[in-house]
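Below is one structure, written out as structure tokens; comments come after it.
Nothing in this text is a laboratory measurement; each read-out follows from the coordinates by a stated rule. Values in this document were obtained by computation on a predicted structure and should not be read as measured data. All Cβ positions, even for glycine, are placed from backbone atoms using ideal geometry, and neighbour counts span all protein chains on display.
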Amino acid sequence: MLYSKSFINTSRENPKVAECQSHRLLLKGSFLYMVSSGIYSYLPLGWRVLNKINDIIRQEMDSAGAQELLMSALQPIDIWKKTGRDKDLEEVMFRFKDRKKRELCLGPTHEEEITEIVKRYISSYKQLPFTLYQIQAKFRDEPRPRFGLMRSSEFIMKDAYSFDLGREGLEENYQKMFEAYKKIFRRFELDCVIVEADSGAMGGSVSHEFMVPAEIGEDILYFCQVCGKYYREKEKCSSCAGIAEPVKTVEVGHIFQLGTKYSQAQDAFVLGRQGEKVSLVMGCYGIGVSRVLASVAEVSSDKKGLIWPKSITPFEAIFLVLDETKTEEIIAIADSLESKGFSLLVDERKEPAGVKFNDAYLIGSPYIIIIGKNYQKSGKIEVEERKSGLSHQISPDKLIDFLKSEYRR
């Protein structure tokens with residue numbers, strides 16, 4: 001992609017509304033547009049990152065045997081009344097009536113709706129087990145939206161739901177999701193802490209949170225620097241008697257063993273092996289997709305800008321054309337690389353070198369490929385690693401091998 005033809009509009013100034021590093025860089029770098037407090041549009045750069053996050057989630061969910069669907073954002077209040085959560089979540093629900101006077105809400109979550117869907121189609125233990133998931137926008141009337149995508153009124157979430165005949169099947173599915181989540185967050189290069197958690201309004205008996213240590217986190221864990229263990233409560237460390245110090249964390253994932261809370265309230269049952277009625281046993285598994293994007297931006301950045309992991313970078317490399325006489329030649333090289341499956345941004349704008357470097361650092365692709373004034377004499381292209389700052393001198397014909405090696409293609 002040519003920079004001059006792209007919808008990338010970086011800012012020289014720090015946004016006044018920015019509350020933290022990730023918020024500042026995502027706005028300044030033209031990844032997000034702030035519509036209003038707690039409401040954001042994803043610009044092309046942000047959308048590219050978001051799609052790569054979703055692709056990884058889909059790959060791991062599908063590998064774990066889950067099937068994707070898409071539920072409605074609009075939900076009738078009647079299904080929420082069955083579980084009593086129309087009252088439990090009343091303060092954060094966007095509720096209204098349509099012209100037919102039906103009471104509706106914008107879904108803050110989808111346990112009730114998925115239960116209604118499944119009970120319509122599943123009637124026998126022979127149809128179990130299975131897991132369904134979706135990636136969709138959720139809506140919550142946040143009293144105080146904060147830190148950009150970290151706490152917003154509209155956000156994107158991956159929510160999955162498992163259905164089993166009994167506790168043993170639930171625990172097996174729960175473990176599958178537990179392992180899938182570890183793989184997902186490793187691929188995002190997020191150093192997650194996994195802790196047992198309170199199930200809260202979701203209900204159920206067992207739950208785990210996946211937390212990312214970050215200064216803007218609203219959850220507190222206690223970390224022992226001696227043995228590296230985290231705790232929910234402030235206590236001496238139970239392993240080494242060291243003092244566990246408070247650490248702020250951001251929740252990026254949460255999984256629950258719901259049991260029969262929703263199936264019993266909504267009459268979702270199947271016929272068991274002896275012909276008896278058995279309530280479906282459910283699990284719920286959530287990832288804050290938009291929060292993942294913000295979390296990576298928060299912990300993987302520096303004063304210059306963002307430093308995206310290779311797995312979710314908007315472009316795998318940015319070409320900086322500093323010698324305009326070589327523009328056509330470099331575009332041809334980039335086209336050849338793109339034909340091999342690489343996503344590239346070619347900055348051929350008639351801008352000073354400093355502007356191009358500043359934008360490249362801000363956008364944060366893993367590699368900056370520099371075609372400077374010395375290219376004519378040396379025949380070498382300079383490749384700078386965004387994260388380490390290391391520089392490599394590479395001939396154009398070796399560039400494809402270098403990128404293939406770095407991205408293991």
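Please compute the net charge surrounding residue 8, taking Lys and Arg as +1 and Asp and Glu as -1 over other residues with Cβ under 14 Å from its Cβ. Show your work: numbers first, answer last.
Numbers: positive: 5, 12, 28, 48, 349, 356; negative: 347, 348, 351, 359.
Neighbourhood net charge equals +2.
Return the loop-located trypsin sites (Lys or Arg not before Pro) in segment 1-57 (DSSP other than H, G, I, E, B) with at most 15 other Cβ atoms within 10 Å of their own Cβ; answer none if there are none.
12, 16
Would you list 408, 58 from fewest to most Cβ contacts within 10 Å?
The order, fewest Cβ neighbours first, is 408, 58.
At a Cα cut-off below 30 Å, give the lysines reachable from residue 101, other chains included and same-chain residues fewer than 8 away excluded.
List returned: 81, 82, 87, 119, 138, 261.
Please list the equivalent ellipsoid semi-axes of segment 154-241, computed as the square roots of five times the alpha-carbon gyration tensor eigenvalues, in descending order and whole angstrom.
26, 17, 14
Quickly work out the residue 186-to-residue 141 label distance, labels modelled 7 Å from Cα along the C-beta direction, and quote it in nm with one decimal.
4.3
Suppose each label sits 7 Å from its Cα in the direction of the beta carbon; what would the residue 70-residue 206 distance come out to in nanometres?
3.4
Among 210, 342, what is the fewest-to-most ranking by other Cβ atoms within 10 Å?
Fewest-to-most ranking of 210, 342: 342, 210.
Taking neighbour Cβ counts within 10 Å as the exposure measure, how do 161, 33, 121 sort from fewest upward?
So the residues, fewest neighbours to most, are 121, 33, 161.
Name all residues of segment 123-144 having a backbone nitrogen under 19 Å from the label point set 7 Å from the Cα of residue 175 along its Cα→Cβ direction, giving them as ranges.
Label zone hits: 129-131.
For the chain, take the longest principal axis of its alpha carbons; what is the angle in degrees between that and the long axis of helix 396-406, to the nearest 10 within 0 to 90?
Here the helix axis deviates by roughly 20 degrees.
Most fluctuating residue of 345, 293, 70 in a GNM of the chain with Cα springs under 10 Å: which is it?
Ranking 345, 293, 70 by mean-square fluctuation puts 70 first.
Specify the residue with the greatest mean-square fluctuation among 317, 353, 297, computed from a Gaussian network of the chain linking alpha-carbon atoms under 10 Å apart.
Comparing 317, 353, 297 in the GNM, the peak value goes to 353.
By how many nm would the segment from residue 355 to residue 338 grow when fully extended, if each residue of separation counts as 0.36 nm and the alpha-carbon distance is taken off?
3.7 nm
Which angle between 0 and 90 degrees, to the nearest 10, do you get for helix 327-339 versus the longest principal axis of the chain when only C-alpha atoms count?
30
Which lysines, on any chain, are close to residue 229 with Cα under 20 Å apart, when same-chain ones fewer than 8 places away are left out?
Output for residue 229: 182, 248.
Over what distance in Å are the Cα centres of segment 84-119 and segment 288-363 separated?
Each part's Cα centre sits 42 Å from the other's.
Tell me the net charge near residue 138. Cut-off is 15 Å between Cβ atoms, residue 138 excluded, with +1 for each Lys or Arg and -1 for each Asp or Glu.
Around residue 138, the surrounding residues sum to -2.
Take the alpha-carbon positions of segment 212-330, form their convex hull, and give its projected area averaged over all directions (one quarter of the hull surface) in nm².
Over every viewing direction, the Cα hull of segment 212-330 projects on average to 15.8 nm².
Answer with a single label: of (1) 4, 15, 18, 17, 14, 11, 9, 6, 4, 2, 0; (2) 5, 24, 34, 27, 9, 1, 0; (3) 4, 20, 26, 23, 16, 8, 3, 0, 0, which was calculated as P(r) over Cα pairs in 10 Å bins from 0, in percent from the structure in view?
(3)
If you stretched the chain out fully between residue 102 and residue 236, how much longer would it get, using 0.36 nm times the residue separation minus the C-alpha to C-alpha distance? Intermediate values should be presented prior to the final figure.
On the way: separation 134, 0.36 × 134 = 48.24 nm, distance 5.45 nm.
Contour length minus the Cα-Cα distance gives 42.8 nm.
Under 19 Å between C-alpha atoms is the cut-off here; go through segment 317-406 and count lysine pairs that meet it, provided they're at least eight residues apart or on different chains.
Taking the Cα cut-off of 19 Å, the pair count is 15.
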